[in-house]
């Protein structure tokens, strides 16, 4: 080497010196840069807002330190660093953060760090900026390696967890149906599904043809964002949906867009016995919803929802063709029941003379043998009208 070459470091040495100085700056700025990166990620990806801040910052710090060390040492990720990225993917899968959000957050973090390095280099001198730009290929090769490791870990855990969850959901719903979810096994299954076994549950049921796994995933993520928990299983010809932490107010939200909103909604009920009862509510309400082609809530239509599944059993007691052959008589009975058993109030609602209402109640008694002015007769009459309603109710 000539004396001139010895006095002037090589270009490679100059680049390395500039990068080393830049990375030392980034290490010194860790306490500023890491919180800023986390702010950027949480501001752009809403899923991370529910995550504890300390957990998020620790994860970013680990990635940040590994990234800077790798660039400074001009090497690809080590096996330990790759495994740490896989574990990050597994952890995010267990937290039900969507894969898209995980990868997006990953890229936002590295883009933010790269932007800060570039601005710092540009503020130093041209040589520092050029030195940083020469490391672009190495930088994005690192990001590609680590992003792939995160995705691998996420997919691995998602497959295992989902398989176990599918089995656990079925066991839990079957146990509720069979009345066997009251013991320690039931409590453990509920907790494993992120339910509080002592809190309120609400169920809904929908036809199985209206369901899809992709919609279930979207719905579950939405409820987790709202602070709720949802699980659903296919049980025979229906889907049983069980939620906690939110109230099912709009049945249309439970089904994919474009599907007829035929849903039975149970009442919110407390504890595991309540969960079983709410499922029963929803199943009974679904029978009515199928007949009417629209959502039915058990608390709104509890009478018909209770009676309709028992129609064949009750037929010898209440079956009658009168509601359909004489709809005006059925209207008079309903008005009488809904207006304090008052002939005059019923007449006002029906826009009839009181004598006409009284006559129609008498005719109903004549045709059915049930006196609507008595408790037994009125109960049978209402059950008949509910189970065998008029096809064209009279005005």
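The table below gives the values:
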{"item": "Residue in segment 42-50 that is farther than 30 Å from residue 16 by Cβ, surrounded by fewer than 17 Cβ atoms within 10 Å (Cβ to Cβ) and over 23 Å from the mean Cα position of the chain (by Cα) present", "result": "no"}
{"item": "Helices (runs of 4 or more DSSP H) fully within segment 57-139 counting 3 or more residues that are modelled with pLDDT of 85 or more and either more than 16 Å from residue 27 (Cβ to Cβ) or under 30 Å from the mean Cα position of the chain (by Cα) (or both)", "result": "79-94, 99-124"}
{"item": "Condition met for residue 382 (exposed (fewer than 15 other Cβ atoms within 10 Å of the Cβ) and in contact (Cβ under 8 Å) with a residue 40 or more places away in the chain)", "result": "no"}
{"item": "Residues being closer than 25 Å to residue 158 by Cβ and either touching a residue at least 40 places away in the same chain (Cβ under 8 Å) or in contact with a helix residue (DSSP H, G or I) (Cβ under 8 Å, 6 or more places away or on another chain) (or both) - total across segment 186-205", "result": "6"}
{"item": "Set 300, 281: member being buried (at least 18 other Cβ atoms within 10 Å of the Cβ) and at pLDDT 80 or above", "result": "281"}
{"item": "Condition check for residue 290: outside the structural domain of residue 247 (by the TED database), touching a residue at least 24 places away in the same chain (Cβ under 8 Å), in a helix (DSSP H, G or I) and under 44 Å from the mean Cα position of the chain (by Cα)", "result": "no"}
{"item": "Any chance residue 120 is surrounded by fewer than 16 Cβ atoms within 10 Å (Cβ to Cβ) and either touching a residue at least 40 places away in the same chain (Cβ under 8 Å) or out of contact with any helix residue (DSSP H, G or I) (no Cβ under 6 Å at 6 or more places or on another chain) (or both)", "result": "no"}
{"item": "Output for segment 140-152, where each listed residue is surrounded by fewer than 15 Cβ atoms within 10 Å (Cβ to Cβ) and either in contact (Cβ under 8 Å) with a residue 12 or more places away in the chain or more than 40 Å from the chain's Cα centre (by Cα) (or both)", "result": "141"}
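The values are calculated or read from the model by the stated rules, or taken from the named source; none is laboratory data. Since we're looking at a predicted model, the values are computed, not measured. Glycine gets a Cβ as well: all are built from the backbone with ideal geometry, and neighbour counts include every protein chain shown.
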